[in-house]
Each structure stands twice: as C-alpha cells, then as structure tokens.
Amino acid sequence: MTRVTIPVGPQHPLLKEPLSFRLTAEGERVVDAAMRLGYVHRGVERLVQDRSYIQNLYLLERVCGICSHVHTTTYCQGVEALLELEVPARGLALRTLTCELERIHSHLLWLGVLAENIGFSTIFMYAWRDREIALDIMEDISGGRIAHAVNTIGGVRVDVEPEQIRLAQHRLDELQSQVDELVNVVKHEGTLRVRTEGVARASLEQIRGHCAVGPIARAAGLDRDLRRDAPYAYYDRLFFNVITAQDGDVWAATWVRVLEILESLSMCRQILDDLPSGEVATRAPRRVPEGEVVSRAEAPRGEVVYYIRSDGSDKPARIKIRTPTLPALSLVQHQLKDINMADVPAVISGVDLCIACADR
Amino acid sequence: MGGRGMEAEALLEALREVCPDYAFEARTMPVNEIVIDVPARCLEEAVAVLRETFSVHHLSTITAQDLGKELELLYHFWHEGGITLRVGLPPNDARVPTLTGALPGADFYEREAGEMLGVTFEGHPGPEHLLLPEDWESEPPLLDGDRAGGDEA
C-alpha cells in the first residue's frame with residue numbers, strides 16, 4: 001500500500017502548543033511517527049545564570065503556563081536546602097495548598113482537552129466550567145489565576161485571613177459536588193470508554209523504559225508518587241491515597257486523574273481546616289553558599305527535577321530543569337506507531353503534554 | 001540516612017566488581033541524593049548494575065555542565081531516593097557511551113546534553129538536535145564563554 005506522510009503541527013487544531021509530528025500512514029493505519037520539539041525553546045537554563053535567585057523565581061514560574069507553582073516550589077526547596085533554611089509550618093501549608101489547587105485545575109483542564117479532542121464537547125464544557133472554581137480560589141488567595149507568585153525563598157509571599165479560608169472552604173464544597181458528578185460520567189459514559197479503552201496501552205515495561213512519570217505511569221501500575229515516597233513541603237502531615245490502575249490505556253489514565261482530583265480536594269480541606277498559625281516565611285540571605293542540590297516534586301504531570309549548583313554568589317551557576325512532559329513525549333513517539341489514524345487525538349492528548357514545559 | 005549509607009556501601013561493592021581498576025567513592029548531596037563518580041568507560045556496566053541488582057530503573061534526567069577543567073554529566077536516577085552517577089569528561093574529547101539501548105528514555109536527555117554542551121554520545125541512534133534549530137551553527141550554548149570563544153568573538 002502507498003505510504004502517505006501527514007504533518008501534524010507545529011500549528012494544528014489538535015495541539016494547544018507548537019509541536020510537530022510527521023505521521024506515516026498506510027491507509028487508515030499509522031505505521032511510523034517522527035517528532036520535532038523546540039518551537040517554544042526560550043533558553044531558560046541559560047537565562048537563569050544571569051539573574052539573581054529572587055529574580056529567577058519570576059522567570060521559573062513562567063517555564064509552564066499550567067503548573068507554574070510547582071516549578072517555583074521545586075526551585076525554592078532546592079535553594080532552601082542549600083541555605084539550610086527552616087520554612088515555617090504555615091508557609092509550607094500554604095505552599096502545599098497552592099500545589100493541590102494547581103493539580104485540580106491542571107487535571108480538569110486536561111479532562112476538557114481530551115474530551116474536546118475525542119469530540120465530546122459536553123465534558124469539555126463541564127470540566128472547564130468547574131476548573132474556574134479552582135482558579136477563583138487561587139485568585140482570591142494570591143491575586144493570580146495562573147501565575148500566582150505565591151512562593152518565595154524561605155516560605156510564601158501571601159497569607160490568608162479567616163474570611164478567605166471560609167470562602168475557599170465554601171468554594172471547595174461547590175467544586176466537590178461538581179467533580180463527584182464528573183467522576184460518575186467518566187465511570188459510566190459509554191462514549192468516553194469507547195474512545196479511550198485500550199487506546200495507547202502502555203505496559204509497565206514501556207513506562208520503565210521511557211522513564212515516564214506521574215498519572216500515566218500510575219495508570220500502568222507503577223506505584224510511585226513523590227508526595228508519599230519523598231514527602232516535601234506539608235505532605236508528611238496530610239492523609240491521602242496514591243491512585244493507581246493496571247491497564248495503562250487512556251481510560252485508566254483518565255480514571256487515575258479524576259480520582260486524584262478527589263484526593264487533592266481532600267488535601268486542600270485538611271490544610272484549610274487546620275492551618276498552623278505563625279509566620280509564612282523566614283528571611284533568606286541574597287547569597288547562597290557554594291554547593292549543589294537535586295530537588296524533586298510531584299507536579300500534576302509527575303516528577304519535576306531541578307538540579308541547582310551555587311558558586312557562592314547571588315546568581316546560580318547552573319540550573320537544570322526536567323519537566324514530566326519530556327519522558328511523556330518519548331513514550332508518545334513510540335505509541336503513535338501501529339494505531340488507527342482516528343486514535344491519534346486520543347493518544348496525543350491522553351498523556352497530557354505541556355510543550356512549553358518540555359522546551360523550556 | 002543510615003539506610004541510605006548502607007545502600008551506598010552495597011552499591012560501591014557491586015560497582016567495584018564490574019570495574020575493578022577504579023576507586024569508587026560515594027558522597028551525598030541534598031536533598032537525599034547519593035553521588036558516585038563513574039569513569040565514562042564503565043558507565044554502561046554501572047547502569048546495568050543499578051538496573052539489574054538494585055532495581056533502579058528510573059533515569060530522571062541528565063544534567064550537563066561546564067566546570068572549566070572538565071565537562072560534567074550527572075545521571076540522576078531515582079529509586080526510593082536519588083542516586084546520581086557523575087561522569088567527568090575532558091573538554092577536548094568529550095565522549096561517553098549512549099544508554100539508549102537499555103533505556104530508550106535516555107534518548108531525549110542525551111540529545112539535549114549533546115547539543116547544549118557538545119558531548120558525543122557514542123552509538124546514539126539519532127543524535128539530531130532536540131531543542132535547537134537544525135541549522136544551529138554557533139557553539140553549544142552551555143559551554144563557558146571563554147572556551148567557546150564567546151558570543152562577541
């Protein structure tokens with residue numbers, strides 16, 4: 001049969017960010033796939049070397065437009081470890097609260113994108129409507145819906161009043177009832193299952209080989225979550241389950257993510273119900289002693305890694321950033337082979353790509 | 001940290017077996033990372049030991065940096081704690097074997113380290129640029145300005 005090469009991207013309705021696939025098809029079957037990255041490469045790893053540790057907070061928050069807070073969390077944790085700073089409990093709690101609100105918003109955003117890409121506009125609209133509630137809570141706490149500027153080295157920059165806590169609790173109740181309904185839909189809705197079950201099935205072996213992380217790894221049965229395995233911030237004081245599944249297909253990943261939203265809602269409540277009192281930050285010196293650190297955190301898409309080396313000045317000598325999308329892309333390139341052309345949207349959106357993150 | 005100390009000892013023991021003519025030593029790095037120097041010629045064997053004997057399958061990433069005297073690759077692994085293998089390379093002959101055979105996930109990390117620091121990963125199946133444009137002709141961006149001749153030059 002004749003082979004046809006079909007370019008998808010860098011600008012394509014399927015992709016929300018620039019990325020280029022070249023799919024080789026035989027009839028309706030995709031037989032080969034190649035990928036090209038770098039359309040939004042901004043050279044962040046080089047740019048950080050010319051900025052002070054404080055200035056870098058604002059640059060690194062912009063590595064990702066979805067999970068901006070987890071980047072500054074990982075960065076601050078690393079710098080705090082080099083400075084041997086003790087962050088006050090209230091600061092850690094508020095940092096973790098924002099992490100979990102961000103996870104809720106990211107997972108709902110993803111659910112909407114998947115639904116739209118498989119032609120299920122109703123879920124797309126419901127998911128994005130509900131996501132607004134999480135954004136409203138973050139706006140009320142920090143003033144920013146997407147870039148929150150909550151973190152600073154030594155703690156957080158914002159504090160919450162009792163009035164704000166009550167409002168957030170009320171909004172979380174509202175969000176909970178909406179998400180319960182979404183869980184119901186994901187569980188029982190035949191259309192969603194037909195388009196996602198058995199699609200892009202990843203074995204544990206493949207997940208390990210491509211070093212994939214986060215919900216897609218947990219959906220294939222890899223029981224790894226840094227919030228439990230290497231507790232940072234406030235996670236050692238919270239009760240939560242790590243959600244896993246076995247099938248490793250897009251449906252399993254969907255199921256893992258919607259249940260993770262419920263866990264995140266519970267964590268937000270635990271923090272707001274029992275917020276420790278006291279300061280939200282300790283003062284951090286401008287200069288950071290010589291040394292190196294590897295800092296890890298669990299972003300909505302999985303493990304984020306920051307390597308930071310200080311030469312004793314007020315600017316980092318090297319920061320290496322690894323975002324969860326990079327290994328996910330490695331897996332997706334492999335999964336795009338030998339599938340139906342009609343499943344391409346489900347495969348690409350199933351792994352929850354964040355291209356700006358991957359390109360840096 | 002007691003558990004991690006024992007883990008480091010066991011690791012060193014196993015590494016000495018596969019690469020007997022090298023004096024392996026372990027140090028720690030915050031936030032809970034064991035760091036072991038590995039010569040480039042023993043890298044494949046060392047990674048095989050990690051994977052087969054210690055079930056360390058997850059390569060988080062590879063950090064590439066220019067330390068002046070040498071170029072440095074840090075292979076950050078994770079298994080119930082961080083394990084970093086450090087490979088120092090001479091700047092005029094920076095070569096290291098690829099890990100893509102055993103770990104397909106190393107592909108992107110090696111391509112990025114290759115284009116950003118000018119390291120050659122021997123045996124890599126497709127060492128094209130990952131993030132930089134295909135027609136990028138300047139020096140690798142993360143090389144020290146002095147060595148690369150500087151942007152002004």
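Quick note: the coordinates plus some simple rules give every number you see, no bench work behind them. Values in this document were obtained by computation on a predicted structure and should not be read as measured data. Counting neighbours? That spans all protein chains shown, and the Cβs are built from the backbone with ideal geometry, glycine included.
Picking from B:Ala102, A:Tyr126, A:Gly38, whose Cα lies most toward the positive end of the charge dipole for the protein assembly as shown (charges on Cβ: Lys, Arg +1; Asp, Glu -1)?
The one lying farthest along the dipole's positive direction is A:Tyr126.
How shielded is A:289-296 by partner chains, expressed as the average number of their Cβ atoms within 10 Å of its Cβ atoms?
Rounded to a whole number, the mean comes out at 5.
For a quick check: sort B:Asp66, A:Asp311, A:Asp247, B:Asp93 by the number of other beta carbons within 10 angstrom, fewest at the front.
In order of increasing Cβ crowding within 10 Å: B:Asp93, A:Asp311, A:Asp247, B:Asp66.
What are the ³J(HN,Hα) values, in whole Hz, obtained from phi via the Karplus relation 6.51 cos²θ - 1.76 cosθ + 1.60 with θ = phi - 60°, for each residue of the stretch B:30-39 in sequence order, with x given for Gly and Pro?
In residue order, the calculated couplings are x, 8, 1, 10, 8, 10, 10, 6, 10, x Hz.
Where a ≥ b ≥ c are the square roots of the eigenvalues of the C-alpha gyration tensor, would you call the stretch A:212-316 rounded, which needs a/c under 1.5, or, failing that, prolate if a/b is larger than b/c, or oblate?
Oblate shape, in that a/c is at least 1.5 and b/c is the bigger or equal ratio.
With the cut-off at 1.5 for a/c, could you classify the stretch A:43-347 from its C-alpha gyration tensor as rounded, prolate or oblate?
Note, shape of the stretch A:43-347 comes out oblate.
Give me D for the stretch B:2-98 in µm² s⁻¹, whole number, from Stokes-Einstein with Rh from the Kirkwood sum over alpha-carbon pairs, 25 °C and 0.890 mPa s.
Estimated via Stokes-Einstein, D reaches 180 µm²/s.
If we count every other residue with Cβ under 13 angstrom of A:Ile355's Cβ, Lys/Arg +1 and Asp/Glu -1, where does the sum land?
+2
Exposure proxy check: A:Met1, A:Met267, A:Met341 ranked by fewest other beta carbons within 10 Å?
With the fewest neighbours first, A:Met1, A:Met267, A:Met341 line up as A:Met1, A:Met341, A:Met267.
Do any of A:Lys16/B:Lys69; A:Lys16/A:Lys187; A:Lys315/B:Lys69; A:Lys337/B:Lys69 go past 32 Å between their Cα atoms, and which?
In this structure, A:Lys16/B:Lys69; A:Lys337/B:Lys69 lie more than 32 Å apart at Cα.
Sort the following peptides by mean Cβ neighbour count (other Cβ atoms within 10 Å, averaged over residues), highest first: B:120-128, A:317-325.
So the peptides B:120-128, A:317-325, ranked by packing, come out A:317-325, B:120-128.
Could you work out the mean count of beta carbons from other protein chains within 10 Å of each residue's beta carbon in A:318-329?
4
Would you kindly derive the ³J(HN,Hα) couplings of the stretch B:133-141 from the backbone phi angles with the Karplus curve 6.51 cos²θ - 1.76 cosθ + 1.60 (θ = phi - 60°), listing them in order in whole Hz, with x for Gly and Pro?
Taking θ as phi minus 60°, the curve returns x, 4, 9, 5, 10, 6, 5, x, x Hz for the stretch B:133-141.
Compute the relative contact order of the stretch A:112-205 as a whole-number percentage, counting only Cα pairs closer than 8 Å that sit 6 or more residues apart in sequence.
In percent, rounded to a whole number, it is 23.
Please give the average number of partner chain Cβ atoms lying within 10 Å of the Cβ of each residue in A:206-219, rounded to a whole number.
Other-chain Cβ atoms within 10 Å of each residue's Cβ, averaged: 3.
So how tilted is helix A:162-188 from the main axis of chain A? Cα-based, degrees 0 to 90, rounded to 10.
20
Select from A:Thr254, A:Ala328, A:Ala168 the residue farthest towards the positive end of the dipole of chain A; place +1 on Cβ of Lys and Arg, -1 on Cβ of Asp and Glu, and compute about the Cα centre.
About the Cα centre, the residue reaching furthest to the positive side is A:Ala328.
What 222 nm value per residue comes from the helices of chain A, counting each DSSP H run with n ≥ 4 as -39,500 (n - 2.57) and dividing by all residues, nearest 500 deg cm²/dmol?
When only DSSP H runs of four or more count, the value is -15500 deg cm²/dmol.
Starting from one equal scatterer on each C-alpha and no solvent at all, send me the Debye-based log10 I(q)/I(0) for the protein assembly as shown at q = 0.13 Å⁻¹, two decimals.
-1.35
Please tell me the relative contact order of the stretch A:208-355 in percent, rounded to the nearest whole number, where contacts are Cα pairs under 8 Å and at least six residues apart.
24
If you keep only loop residues by DSSP, which chymotrypsin sites (Phe, Trp or Tyr not before Pro) in the stretch B:1-109 have at most 16 other Cβ atoms within 10 Å of their Cβ?
B:Tyr22
Fewest to most neighbouring Cβ within 10 Å: what's the order for A:Trp110, B:Trp136, A:Trp128?
Placing the least packed residue first, the sequence is B:Trp136, A:Trp128, A:Trp110.
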